[in-house]
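Some notes on the structure that comes next.
The values are calculated or read from the model by the stated rules, or taken from the named source; none is laboratory data. What you see is a predicted model; the values in this text were computed from it and never measured. With ideal geometry, Cβ positions are generated from the backbone for all residues, glycine too; neighbour counts draw on all protein chains shown.
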Amino acid sequence: MCRLICLTSDQPQSPMLALEAQDVMREGHDGSGVGLFLTDLSGPFVELKHKPILSGIFTKEGLHRLNDFMNSLGFWPLYRLVIHIDKEPPPGTPRRDFYLIQVYDYPEGWEELEPEEKELRLLLTRLQLRWMGEDKEDIIVFSFWPDVIMIKEVGDPLLVGEYLGLDRKELLARVVMAQGRQNTNYAINLYACHPFFIQGMATMTNGENTAFIPIREFLLSRGFPGYTGYQSDSEVFTHILHYALKKLGLRLEYYKHLVTPLTDQELQQHPDRQLLLRLKLSCRPLTIDGPNCVIGCLPDKTVFMLQDRKKLRPGVVGGKPGFYVLCSEMCGLDYAVPDRNKAEDYQPMHLDTVIIPPTRQEVKVCSQMEPLPPLH
């Protein structure tokens with residue numbers, strides 16, 4: 001199994017805190033890989049909050065190709081953080097030329113674009129870079145989006161974090177998502193490493209989605225270029241979230257009704273049964289088959305956790321106003337927030353979605369049996 005942890009904090013936190021807490025949960029993951037999603041950034045990224053940040057791994061040749069490509073599109077670098085390590089990497093971790101985090105200014109005319117068009121162009125640019133690097137693996141791109149940094153690598157999460165020096169002040173963030181395990185259902189591939197990301201949204205999952213094929217085929221049929229790749233059966237969780245919020249115009253409280261719809265008997269008792277029945281019928285191919293525990297983050301920095309109906313994967317939420325943690329095991333929560341009121345810890349059940357708003361002052365628990373909030 002994987003082990004997951006998400007920190008959401010008023011004060012910027014080091015990704016190493018997440019990796020240390022993840023190491024406490026070591027018995028639940030195999031130490032074969034790590035993925036990090038950082039947002040609500042601090043330090044040098046604050047003044048560049050609305051400029052796109054490219055995160056990835058590059059060879060020397062790949063970096064030259066990146067620069068030529070971005071220059072041809074009119075993107076000009078504003079800030080660069082390069083991680084280049086001369087010492088021997090940890091066991092199982094490949095030696096890389098460069099881990100790059102680079103902020104760009106938009107090409108001329110982009111600032112006047114409608115938000116939806118700008119977001120689509122950023123997505124397409126990331127996909128072009130990914131395709132450019134597929135043959136030689138000289139360009140590996142995880143994200144290209146404002147106020148987002150992603151780092152992924154093969155190897156023990158804590159050792160990788162120490163090797164890359166992820167305790168540096170430039171990488172402090174108010175939201176940190178970390179997953180500990182490489183993909184084990186398919187070939188080892190950094191694009192298969194959680195968290196997954198699309199247009200400001202990220203999710204990571206502990207479990208196995210045996211309904212992957214029909215979900216993937218449904219998403220591919222939507223005609224949206226971002227629904228692609230699928231090196232992991234868990235990437236569809238991120239894309240279902242995107243489809244629900246961006247394409248269907250739903251709110252987060254509706255997401256669980258797509259992935260784990262109520263039974264027909266439960267629907268008969270629901271105050272929004274007609275709407276939910278239409279959603280269940282029209283989006284039936286998006287129903288997951290777990291067990292799965294999903295943790296995610298929205299563009300507004302809301303974070304959440306939910307379980308599927310089997311509820312066979314661990315998950316707990318706790319903390320205090322201004323600092324909350326969502327993670328796989330109580331011991332990880334104890335490490336990250338030892339001074340919390342443990343009586344307020346919550347373990348979501350099969351009907352729950354736990355939501356922590358960007359204000360970070362409370363934990364909200366939404367049951368699928370409750371009335372849904374209005375869409376507008």
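A compact table of results
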item: Yes/no for TRP145 being among the aromatic types (Phe, Trp, Tyr) and touching a Gly at 6+ places or on another chain (Cβ under 7 Å); result: yes
item: Odd one out for LEU120, checked against (1) modelled with pLDDT of 95 or more; (2) touching a strand residue (DSSP E or B) at 6+ places or on another chain (Cβ under 7 Å); result: (2)
item: Tally of residues being surrounded by fewer than 24 Cβ atoms within 10 Å (Cβ to Cβ), closer than 19 Å to GLU235 by Cα and either modelled with pLDDT of 95 or more or β-branched (Val, Ile, Thr) (or both) across the stretch 130-144; result: 3
item: Some residue of the stretch 240-256 being part of a loop (DSSP other than H, G, I, E, B) and closer than 25 Å to ARG3 by Cα; result: no
item: Residue in the stretch 52-67 that is closer than 22 Å to LEU7 by Cα, out of contact with any helix residue (DSSP H, G or I) (no Cβ under 9 Å at 6 or more places or on another chain) and either at pLDDT 95 or above or not hydroxyl-bearing (Ser, Thr, Tyr) (or both) present; result: yes
item: Within the stretch 126-176, considering residues that are part of a strand (DSSP E or B) and among the aromatic types (Phe, Trp, Tyr), the one nearest to LEU54 (Cα to Cα); result: PHE144
item: Those residues of the stretch 178-224 which are modelled with pLDDT under 90, assigned to a helix (DSSP H, G or I) and among the aliphatic types (A, V, I, L, M), in sequence order; result: LEU190, ALA192
